[in-house]
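Student: The following block contains the structure, expressed as structure tokens.
The values are calculated or read from the model by the stated rules, or taken from the named source; none is laboratory data. Owing to the predicted nature of the structure, the values given are computational and were not obtained by experimental measurement. Virtual Cβ from ideal backbone geometry, glycine too; neighbours counted across all protein chains shown. With ligands, DNA and RNA removed, areas are computed over all heavy atoms of the protein, side chains included. Shrake-Rupley method; radii C 1.70, N 1.55, O 1.52, S 1.80 Å.
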There are 2 protein chains.
Amino acid sequence: MAQQVQRRRLSEERTAALVDRLKALLGDRCTTSASEREHHAHGESYHADAPPDAVCYPTSTEEVSAIVKLCAEAGAPIVAFGAGTSLEGHVCALEGGITIDLKRMNAVLEVNAEDLDATVQAGVTRKQLNAYLRDTGLFFPVDPGADATLGGMAATRASGTNAVRYGTMRENVLSLTVVLADGRVVKTASRARKSSAGYDLTRLFVGSEGTLGIITEVTVKLYGIPEATSAAVCAFPDVGSAVQTAIETIQSGIPISRVEFLDDQGMIAVNRYSRLSYPEQPTLFFEFVGTEAGVAEQAERVKEIALANGGAQFQWATTPEERSRLWQARHDLHYATLAMRPGAKAWSTDACVPISRLAELIVTMREHTKDVPFYVTSLGHVGDGNFHMGFVIDPNDPVEFAETERLNAILLERTLALGGTCTGEHGVGSGKSKYLRAEHGDAAVDLMKTIKAALDPANLLNPGKVLPSN
Amino acid sequence: MAQQVQRRRLSEERTAALVDRLKALLGDRCTTSASEREHHAHGESYHADAPPDAVCYPTSTEEVSAIVKLCAEAGAPIVAFGAGTSLEGHVCALEGGITIDLKRMNAVLEVNAEDLDATVQAGVTRKQLNAYLRDTGLFFPVDPGADATLGGMAATRASGTNAVRYGTMRENVLSLTVVLADGRVVKTASRARKSSAGYDLTRLFVGSEGTLGIITEVTVKLYGIPEATSAAVCAFPDVGSAVQTAIETIQSGIPISRVEFLDDQGMIAVNRYSRLSYPEQPTLFFEFVGTEAGVAEQAERVKEIALANGGAQFQWATTPEERSRLWQARHDLHYATLAMRPGAKAWSTDACVPISRLAELIVTMREHTKDVPFYVTSLGHVGDGNFHMGFVIDPNDPVEFAETERLNAILLERTLALGGTCTGEHGVGSGKSKYLRAEHGDAAVDLMKTIKAALDPANLLNPGKVLPSN
């Protein structure tokens, strides 16, 4: 359904010659099979498929460098691919070319328990890393819904429910190894926890979505597993009082680890899907971590704030089993939402505003969506001002698709008017580049284009992503 | 004493013509007086003075833009100047030109208490901001020793004692307004707490030391003043056991707000200066914040860790008066060190390594410095692996100066060999650019140079800083 744009393509002849050279390098780890090309034509979103001409599976930074050098010589576009779970068309090969699938670069290279850091190849997933860490007493907290790769999470500046306490990939990447557009390899920083030694190359690549270089190794911060964890759920009479509770919690400096909002529609879906009987009202899910006494005290103080804002039925969960039952309801929302309309797909929006404007934004959007002919839920990482609406649509129905596009545009226009950002954690991809000038202004977007032109003058790295064409 | 390098100078004629135009723009807020030029010729370090040809005092981003445009037309170097407290020669006008002193841009523009952020002009100092916030229950935590400006702190990616809990300027700047080399004005981000909307321009400028643009406004995160605070001090038999205590504290996930190390020489200086009677041994200073019960529990757990590592005389301070007496000893170290040799100056080193290597680094350097003919103290922000040695020297004595240079070179060579960084928080300036290639490798430094050339092709913004000339 996405708009068709006239794009460059490498000639079949030159593509074939490049593939020959890549096969000489990689053997059967370079493939042009139709099923492999199709698998790499899309992420998990509604964007139109765009297959690459070939897919490569390197196993080392040196191989990625060699692939990039061959592509650069041939003038072929290069798309990096991790778990394929992105939501804004990041991995679509809009101009064909070569997709570099990093899933075979899945070694945990180094865990420094005393320094609370780990270095992994880019294809290691967050769950794989945490499984590897199981016996160390440490964990890696950044948790987007999908089991994404660390490379992909760094590339999209991903976050999730823990960001309110532990930060996003922006805060949690210490260093990257990156292959530049000409094949040179850069290590962006040391493992030191802080540094003032020159430009912040790490954060230049975090969030660059494969358009400035290919991330091949990631060094991340780790954290000690908290001694004590407690969770609670609380229903509120309206959206405003739920969000106000989150604001006051954050403002009090209570080091809450999670505070998640679900609207009444979300709770209806969750109750039906998981046969639960939560009040079908705007609801907050909380998690507290720390020492035993600290957790108890945090939780008690949040309860006071919630009750003062009209919250009711504050339900605790302190054992791992109770906690996991409580959070299951939250984590099941995606599937619960889809189950409201069998066969449909979910279009997930991703707005983030200063927290004081969040209630207003959610209320406005619920007003705009109250009469649409499909199911809509709202979910918020409210501690960060980030929220997602889930539109449960048939993406092949042009009317529903157009209506969703219209609502997404209204959402983002309101978001920017409230001082927010068009994407809190999903990234720009090809889906949101048209909003960048409205968000950042021309001078900032032109500066991004200056950086892109300096680092990738031939525009071979993930072309058509992040930056608007005009 | 610094090496003299042949540098560009704008001709006297062209400089005079530029100053005429700047005076037409700013009136007596552009000056060429000898005392003003001398005042802006240096920071607070040992680097040789280098005065600008004129000093401008803009009051708005628009004026900074107009000044930069005039300088760009004339081809004149431009140096940004905040509180003048930098330690690596950042503000020396190595090629003359125009210094833009931002101290009259000292308005707090906006405090959003609900969103926990504030926007200030670049010339606002950290103490000024915290005084302004006094009645809000909020504070800004980043605390380099000096009362630096927020613009200067952003430009050098500054930190201080609170970084172990609250992060550095890298984590605490939400957005910047920056004047580019051609006078265009860029706003780097919205006030949203997180965003995946394009390249991270904010962090491109944080730590760029005035070489990529002039920071004119800064939006920072604020925090609720903790309900409870407690502090303690504990002596250890040796450096290793003190640092091991810090490691175990961090690794346990105890959310300590400060953990500062002073060596025996530092404690001798402090005792003498402040007439105290602390044990003259390696010592840790701790601060805990949170709720009442949480703080008590954190402190008790750290005490257990300290005692298990041979710590003794764990002294508590819970009232504000007791705390301030305890921290006074720590904060007085700079003056206490200087008082060991009246008339001398302190050369402060700034190494940062992964925490597991810190004890080794400190012990090695104490060995190297044990026979030097001047006083040396060691101070560490040990939770971050960052430590400073204070060499109390006569900078006009070529032998002492050369010896200090030699020791600093040994320190940094060891630091890099241990996987660390040549500057944890002071920045590169002109003093440390020669270490960048050893730290980052040629590809990374060349990439920084590519970025510099793309953003400032005429090399007018703070020339001779950050990047090595070769």
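Student: Considering only chain A, what is the antiparallel percent among its DSSP beta bridges, to the nearest 5? Can you show the working numbers first?
Tutor: Values: 56 of 64 bridges.
Once the DSSP bridges in chain A are tallied, antiparallel ones form about 90 percent.
Student: Let me ask something additional. List the relative contact order of the stretch A:12-103 as a percent without decimals, with contacts defined as Cα pairs under 8 Å and 6+ residues apart. Kindly include the intermediate steps, with their values, before the conclusion.
Tutor: On the way: 172 pairs, mean separation 31.8, N = 92.
Once divided by the residue count of the stretch A:12-103, the mean separation gives 35 percent.
Student: Tell me the carbon and sulfur percent of the accessible area for the stretch A:341-445, rounded to whole percent, probe radius 1.4 Å.
Tutor: Values: 1750 of 3520 Å².
Answer for the stretch A:341-445 is 50 percent, counting heavy atoms of protein chains only.
Student: Label position 7 Å from Cα toward Cβ: report the copy-to-copy distances for A:Glu38 in nm, one decimal, ordered from shortest.
Tutor: Here A:Glu38 shows inter-copy label distances of 8.1 nm.
Student: Follow-up question, since we're still on this one. Quick one: which residues, 5+ away or cross-chain, put their amide H under 5 Å from the amide H of A:Leu109? H built at 1.01 Å from N.
Tutor: Amide H to amide H, under 5 Å and 5 or more residues apart or across chains, A:Leu109 pairs with A:Thr119, A:Val120, A:Gln121.
Student: A further question on this structure: Assume the label is 7 Å from Cα along Cα to beta carbon: what separations in nm does B:Pro237 have to the matching positions in the other copies?
Tutor: The projected label point of B:Pro237 is separated from its counterparts by 6.5 nm.
Student: Whole-Hz Karplus ³J(HN,Hα) for the stretch A:438-455, in order, using 6.51 cos²θ - 1.76 cosθ + 1.60 and θ = phi - 60°, x for Gly and Pro?
Tutor: After applying 6.51 cos²θ - 1.76 cosθ + 1.60, I find 5, 6, 9, x, 5, 4, 5, 5, 5, 5, 4, 5, 4, 5, 4, 5, 6, 8 Hz.
Student: B:Ile410 to B:Glu227: FRET efficiency via 1/(1 + (r/R0)^6), r the Cβ-Cβ distance, R0 60 Å, to the nearest 0.05? Write down the numbers at each step before the final one.
Tutor: Details: r = 46 Å, r/R0 = 0.76.
Plugging the Cβ-Cβ distance into 1/(1 + (r/R0)^6) gives 0.85.
Student: Follow-up. Go ahead and run the numbers for FRET between B:Arg14 and B:Asp397, Cβ-Cβ distance against an R0 of 45 Å, rounding to 0.05.
Tutor: Working: r = 40 Å, r/R0 = 0.88.
After rounding, the FRET efficiency stands at 0.70.
Student: Pairs to check: A:Lys345/A:Lys432; A:Lys194/B:Lys370; B:Lys127/B:Lys194; B:Lys23/B:Lys127. Give those whose C-alpha atoms are more than 24 Å from each other in this structure. It would help to have the intermediate numbers written out before the result.
Tutor: Working: A:Lys345/A:Lys432 19 Å; A:Lys194/B:Lys370 28 Å; B:Lys127/B:Lys194 26 Å; B:Lys23/B:Lys127 32 Å.
Over 24 Å apart, Cα to Cα: A:Lys194/B:Lys370; B:Lys127/B:Lys194; B:Lys23/B:Lys127.
Student: When only DSSP loop residues count, what GluC sites (Glu not before Pro) in the stretch A:83-136 have their Cβ near at most 16 other Cβ atoms within 10 Å? Before the final figure, lay out each step's value.
Tutor: Numbers: sites: A:Glu88, A:Glu95, A:Glu110, A:Glu114; in loops: A:Glu88, A:Glu95, A:Glu114.
Of the GluC sites (Glu not before Pro), the ones in loops of the stretch A:83-136 whose Cβ has at most 16 other Cβ atoms within 10 Å are A:Glu114.
Student: Once amide H atoms are built 1.01 Å from N in the peptide plane, which residues 5 or more positions from A:Gly198, or in another chain, come under 5 Å H to H?
Tutor: B:Val428
Student: Per residue, how many Å² of accessible area does the protein assembly as shown show with a 1.4 Å probe?
Tutor: Values: 33010 Å² over 940 residues.
Roughly 35 Å² per residue, with all protein chains present.
Student: I would also like to ask the following. Based solely on its DSSP helices, what 222 nm [θ] is calculated for chain B when runs of n ≥ 4 H residues each add -39,500 (n - 2.57) and the sum is averaged over all residues, nearest 500 deg cm²/dmol?
Tutor: Numbers: 17 runs with 173 residues, N = 470.
When only DSSP H runs of four or more count, the value is -11000 deg cm²/dmol.
Student: Which whole-number percent is the relative contact order of chain A (Cα, under 8 Å, 6+ apart)? Write down the numbers at each step before the final one.
Tutor: Values: 1000 pairs, mean separation 71.0, N = 470.
15 percent.
Student: Apply the Karplus parameterisation 6.51 cos²θ - 1.76 cosθ + 1.60, with θ equal to phi minus 60°, to every residue of the stretch B:162-169 and state each ³J(HN,Hα) to the nearest whole Hz, in sequence, with x for glycine and proline.
Tutor: With the stated coefficients, the stretch B:162-169 comes to 7, 4, 4, 9, 9, x, 9, 4 Hz.
Student: What part of the accessible area of the stretch B:108-224, given as a whole %, is carbon or sulfur when the probe is 1.4 angstrom? Write out the running numbers ahead of the final one.
Tutor: On the way: 1320 of 2750 Å².
C and S fraction of accessible area: 48 percent.
Student: Using the Karplus curve 6.51 cos²θ - 1.76 cosθ + 1.60 with θ = phi - 60°, what ³J(HN,Hα) values do you get for each residue of the stretch A:361-367, in whole Hz, with x for Gly and Pro?
Tutor: So the J values, rounded to whole Hz, are 5, 5, 4, 4, 6, 5, 5.
Student: Going Cα to Cα from A:Lys187, which aspartates and glutamates come in below 17 Å? Please leave out same-chain ones fewer than 8 positions away.
Tutor: A:Glu62, A:Glu63, A:Glu110, A:Asp117, A:Asp200, A:Glu217, B:Glu439, B:Asp442, B:Asp446
Student: When the Debye formula is applied to the Cα atoms of the stretch B:12-103, each taken as the same point scatterer, what base-10 log of I(q)/I(0) results at q = 0.10, 0.13, 0.17, 0.18 Å⁻¹?
Tutor: Values returned for q = 0.10, 0.13, 0.17, 0.18 Å⁻¹ are -0.22, -0.37, -0.63, -0.71.
Student: Measuring label to label, 7 Å along Cα→Cβ, what does B:Ser11 give against each other copy in nm, shortest first?
Tutor: Relative to the other copies, B:Ser11 has label-point distances of 5.4 nm.
Student: Can you give the three extents of the C-alpha atoms in the protein assembly as shown along their principal axes, from longest to shortest, in whole Å?
Tutor: 81, 63, 58
Student: How far apart, in nm, are the 7 Å Cα→Cβ label points at B:Ala454 and A:Arg272?
Tutor: Going by the 7 Å Cα→Cβ label model, 4.9 nm.
Student: Loop only by DSSP, 11 or fewer other Cβ within 10 Å of the Cβ. Give me the trypsin sites (Lys or Arg not before Pro) in the stretch A:43-139 that pass, ordered by residue number. Before the final figure, lay out the partial values.
Tutor: On the way: sites: A:Lys69, A:Lys103, A:Arg104, A:Arg126, A:Lys127, A:Arg134; in loops: A:Lys103, A:Arg104.
Qualifying residues, ordered by number: none.
Student: Hey, for a label at B:His331 modelled as a point 7 Å past Cα toward Cβ, could you say which residues of the stretch B:193-225 have their backbone N under 15 Å away?
Tutor: No residues fall inside that zone.
Student: Excluding ligands, DNA and RNA, what is the accessible area buried between chains B and A, summed over both sides, using a 1.4 Å probe, to the nearest 100 Å²?
Tutor: Values: alone 19930 and 19920 Å², together 33010 Å².
For B against A, buried area totals roughly 6800 Å².
Student: Pull up the cross-link candidates among the lysines for A:Lys303, meaning alpha carbon to alpha carbon under 25 Å and not fewer than 8 places away within one chain.
Tutor: Correct list for A:Lys303: empty, as no lysines qualify.
Student: Taking Cα pairs under 8 Å and at least six residues apart, what relative contact order does the stretch B:66-203 come out at, in percent? Write out the running numbers ahead of the final one.
Tutor: Values: 204 pairs, mean separation 25.8, N = 138.
Value for the stretch B:66-203: 19 percent.
Student: For A:Ser175, list long-range residues whose amide hydrogen, built 1.01 Å from N in the peptide plane, is under 5 Å from its own amide hydrogen.
Tutor: Residues meeting the amide H criterion: A:Thr219.
Student: Taking loop as defined by DSSP and a crowding limit of 16 other beta carbons within 10 Å, which trypsin sites (Lys or Arg not before Pro) in the stretch A:370-470 fit? Could the numbers behind the result be given before it?
Tutor: Values: sites: A:Lys370, A:Arg406, A:Arg414, A:Lys432, A:Lys434, A:Arg437, A:Lys449, A:Lys452, A:Lys465; in loops: A:Lys370, A:Lys432, A:Lys465.
Loop-located and lightly packed - A:Lys370.
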